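Asker: Quick one: the structure is below, and I'll ask about it shortly.
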Amino acid sequence: MTIERFPVEASHIMMFARAIGDPNPAYADGSSAPPTFSMAGAQFDEDHPLRPKSDAPWFGSGREPTGVSQVGDGDGDMTRALHAEQHFEYHRPVHAGMVLTTTERDGETWEKESKRGGRLAFFERFTEYRDVATGELVITARMVGVETSKAVER
């Protein structure tokens, strides 16, 4: 996920907190954001695969709800991919009025054998969120993904 401009707005923080069911009053005025709020930045990445596009089919979050197959999209077979872990390291608090930008870099890769899914290929991806005004690092997000070498046997 690479975002040039992710404006953090008080109403955006409040709606995110309500969507995840967090009643903390600090989120009502934008003075701070919930810990996972940076994931909402995906909506500012035009190429993010989970962001709907008005001119293109979207596979959504259900079992092919729009009739678009997740297999063979050019990035591998999405039926064998899994977002396995997500970690956040906070360097500064996120609050309304900030504008963030991101850079992404790959981390380590490793493999493991599985009884049902064959070879499991793990990979890390780091996303750094920086304050546009100061250039300071605000959040480092670490995502671990895994892809099976074959469909899981049932």
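Asker: Pairs only if they're at least six apart or on different chains, beta carbon under 7 angstrom, first in segment 17-29 and in contact (Cβ under 8 Å) with a residue 12 or more places away in the chain and of a type in the set (Asp, Glu), second surrounded by 13 or more Cβ atoms within 10 Å (Cβ to Cβ) and outside any loop (DSSP other than H, G, I, E, B); list them, first residue then second.
Answerer: Asp29/Ala10
Asker: What number of residues within segment 11-28 satisfy the criterion of being under 21 Å from Ala133 (Cα atoms) and touching a helix residue (DSSP H, G or I) at 6+ places or on another chain (Cβ under 9 Å)?
Answerer: 2
Asker: Looking at Thr102, Thr109 in this structure, which one is closer than 19 Å to Arg5 by Cα, part of a strand (DSSP E or B) and either touching a Gly at 6+ places or on another chain (Cβ under 7 Å) or polar (S, T, N, Q) (or both)? Quick ask: steps written out before the conclusion?
Answerer: Details: Thr109 fails: closer than 19 Å to Arg5 by Cα.
It is Thr102.
Asker: I'd like the full set of residues that are under 18 Å from Phe37 (Cβ atoms), charged (D, E, K, R) and not in a strand (DSSP E or B), limited to segment 112-142.
Answerer: Once the filter is applied, which keeps residues that are under 18 Å from Phe37 (Cβ atoms), charged (D, E, K, R) and not in a strand (DSSP E or B), segment 112-142 yields only Glu136.
Asker: Right, another one. What do you reckon, is Gly76 in contact with a helix residue (DSSP H, G or I) (Cβ under 9 Å, 6 or more places away or on another chain), at pLDDT below 90, closer than 22 Å to Ala141 by Cβ and in a loop (DSSP other than H, G, I, E, B)?
Answerer: For Gly76, the condition - in contact with a helix residue (DSSP H, G or I) (Cβ under 9 Å, 6 or more places away or on another chain), at pLDDT below 90, closer than 22 Å to Ala141 by Cβ and in a loop (DSSP other than H, G, I, E, B) - is not met.
Asker: Does any residue in segment 121-137 that is in contact (Cβ under 8 Å) with a residue 60 or more places away in the chain come within less than 6 Å, Cβ to Cβ, of a residue that is of a type in the set (Asp, Glu) six or more places away or on a different chain, and which pairs are these?
Answerer: Short answer, once both residue conditions are applied: Thr127/Glu104.
Asker: Are any residues in segment 96-132 more than 17 Å from Ala81 (Cβ to Cβ) and hydrophobic (A, V, I, L, M, F, W, C), and if so, which ones?
Answerer: Result: Ala96, Met98, Val99, Leu100, Phe126, Val132.
Asker: Which one of these does Ala56 not meet: (1) among the aliphatic types (A, V, I, L, M); (2) surrounded by 11 or more Cβ atoms within 10 Å (Cβ to Cβ); (3) modelled with pLDDT under 95?
Answerer: Going through (1) among the aliphatic types (A, V, I, L, M); (2) surrounded by 11 or more Cβ atoms within 10 Å (Cβ to Cβ); (3) modelled with pLDDT under 95 one by one, Ala56 breaks only (2).
Asker: Further question: Tell me whether segment 31-47 contains one or more residues that are surrounded by 14 or more Cβ atoms within 10 Å (Cβ to Cβ), more than 25 Å from Pro7 (Cα to Cα), at pLDDT below 95 and of a type in the set (S, T, N, Q).
Answerer: Looking through segment 31-47, none of the residues is surrounded by 14 or more Cβ atoms within 10 Å (Cβ to Cβ), more than 25 Å from Pro7 (Cα to Cα), at pLDDT below 95 and of a type in the set (S, T, N, Q).
The values are calculated or read from the model by the stated rules, or taken from the named source; none is laboratory data. Since this is a predicted model, take the numbers as computed values, not measurements. Methodologically, a virtual Cβ is constructed for each residue, glycine included, from the backbone with ideal geometry; neighbour enumeration extends over all protein chains shown.
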